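Trainee: Structure incoming, see below.
The values are calculated or read from the model by the stated rules, or taken from the named source; none is laboratory data. A quick note: this is a predicted structure, and the numbers were derived from the prediction, not measured. Note that we place each Cβ from the backbone using ideal geometry, even for glycine, and neighbour counts take in every protein chain shown.
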């Protein structure tokens with residue numbers, strides 16, 4: 001019984017996170033302005049990170065955790081760099 | 001003590017992060033983490049930051065509990081606005097709040113709290129007039145938001161950092 | 001693919017609850033990204049995923065792996081820590097960049113903009 005609960009809840013959670021990645025991708029394509037795309041990218045990577053955690057639970061391996069940590073760090077740096085680019089048109093002044 | 005550990009809490013935090021990352025409590029890793037903490041603290045010392053003045057851990061714990069509860073509440077509120085847009089009876093807008101707090105660490109904490117809570121976002125801060133501008137998704141009563149920020153957060157933060 | 005970990009029923013239910021609440025909050029945030037009308041309304045929606053959405057999934061992961069390996073596995077806390085520390089910074093930098101662009105207009109227009117007006121938020 002508990003295996004059934006776990007399997008289905010992980011599957012449903014993966015489905016929900018996948019749909020939310022699709023929503024973010026739609027906003028990323030639709031725009032309309034550059035800041036909307038950056039915000040969508042931010043949402044995109046956070047959801048991808050959560051999806052990786054769910055994959056880790058499905059497989060029972062902790063490798064996915066390290067990938068998720070990498071995504072969290074890279075996503076933060078890239079979003080800040082993009083926002084900085086929006087402000088000045090340059091990343092490094 | 002202060003020469004080698006200018007920021008003891010930060011050094012401890014770095015060591016804990018190192019141990020969490022390696023998932024171990026082996027003495028060798030504790031030593032490595034402690035080295036990392038000392039080096040990190042000294043590097044930060046080179047940046048010549050003003051002293052934090054952090055004193056009241058009990059008040060900080062109270063603030064943390066309050067923030068967790070508020071974030072939970074605003075999660076529900078924002079989820080309702082998104083999923084049931086028909087029931088929404090207010091529009092979003094900007095609120096200007098004049099603050100009394102001057103401590104940069106207190107302001108940084110306030111910024112993180114306001115932005116981390118769904119429904120509010122720190123937009124701009126004018127250090128000359130000490131005027132804060134936030135964006136609120138569910139703007140029913142401007143005075144209520146001003147009171148929330150100044151009474152619920154600012155007084156406690158001033159207690160902690162000033 | 002079937003998960004064949006034999007956990008007690010109450011624990012499995014708790015894990016499932018945390019996971020589903022976290023995923024549902026993230027989904028709500030992303031739907032809000034599509035549904036809300038203006039940029040400054042949309043900036044609130046990712047915080048749903050980064051506050052209790054992440055907390056729910058991370059908590060479920062901690063509980064699951066701790067029960068699976070029958071020891072305390074808490075390294076997922078690092079992800080929660082990073083996300084809660086970095087999201088306010090990103091959103092604040094983004095909000096300030098947008099204000100700056102609105103104030104100083106077309107000089108800083110970035111590629112990918114379809115709208116040329118400077119007053120629209």
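Trainee: Got a sec? Which of B:111, B:116, B:147 is out of contact with any strand residue (DSSP E or B) (no Cβ under 6 Å at 6 or more places or on another chain) and at pLDDT 85 or above?
Mentor: Result: B:116 is the single residue among B:111, B:116, B:147 that is out of contact with any strand residue (DSSP E or B) (no Cβ under 6 Å at 6 or more places or on another chain) and at pLDDT 85 or above.
Trainee: So residue C:81 fits all but one of (1) facing chain A (nearest Cβ under 7 Å); (2) assigned to a helix (DSSP H, G or I); what number is the exception?
Mentor: Only one criterion is unmet by residue C:81, namely (1).
Trainee: Among the residues of the stretch C:30-52, write down those that are crowded, with 24+ Cβ neighbours inside 10 Å, facing chain A (nearest Cβ under 7 Å) and free of Cβ contacts under 8 Å to residues at least 40 places away in the same chain.
Mentor: Answer for the stretch C:30-52, where residues must be crowded, with 24+ Cβ neighbours inside 10 Å, facing chain A (nearest Cβ under 7 Å) and free of Cβ contacts under 8 Å to residues at least 40 places away in the same chain: C:30, C:33, C:49, C:50.
Trainee: Taking residue A:25, is it within 21 Å of residue C:85 (Cα to Cα), more than 7 Å from every other protein chain (Cβ to nearest Cβ) and surrounded by fewer than 23 Cβ atoms within 10 Å (Cβ to Cβ)?
Mentor: Spelling it out, it is not the case that residue A:25 is within 21 Å of residue C:85 (Cα to Cα), more than 7 Å from every other protein chain (Cβ to nearest Cβ) and surrounded by fewer than 23 Cβ atoms within 10 Å (Cβ to Cβ).
Trainee: Shifting gears a bit: Which one is surrounded by the most Cβ atoms within 10 Å (Cβ to Cβ) among residues in the stretch B:82-112 that are closer than 17 Å to residue C:47 by Cα and within 8 Å of chain C (Cβ to nearest Cβ)?
Mentor: That would be B:82.
Trainee: Continuing with the same structure: Quick one: how many residues across the stretch C:67-101 are surrounded by 20 or more Cβ atoms within 10 Å (Cβ to Cβ) and closer than 20 Å to residue B:124 by Cα?
Mentor: 11
Trainee: Name the one entry in C:60, C:95 that is closer than 30 Å to residue C:21 by Cβ, at pLDDT 85 or above, in contact with a strand residue (DSSP E or B) (Cβ under 9 Å, 6 or more places away or on another chain) and within 8 Å of another protein chain (Cβ to nearest Cβ).
Mentor: C:95
Residues are listed down the side, and each one gets a yes or a no for (1) within 7 Å of another protein chain (Cβ to nearest Cβ); (2) at pLDDT below 85; (3) at positive phi:
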| position | (1), (2), (3) |
| --- | --- |
| A:11 | no, no, no |
| A:48 | no, no, no |
| A:55 | no, no, no |
| A:61 | no, yes, no |
| A:71 | no, no, no |
| A:78 | no, no, no |
| A:82 | no, no, no |
| A:86 | yes, yes, no |
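Trainee: Answer yes or no as to whether residue C:13 is facing another protein chain (nearest Cβ under 7 Å) and surrounded by fewer than 17 Cβ atoms within 10 Å (Cβ to Cβ).
Mentor: Judged against the criteria, residue C:13 is a match.
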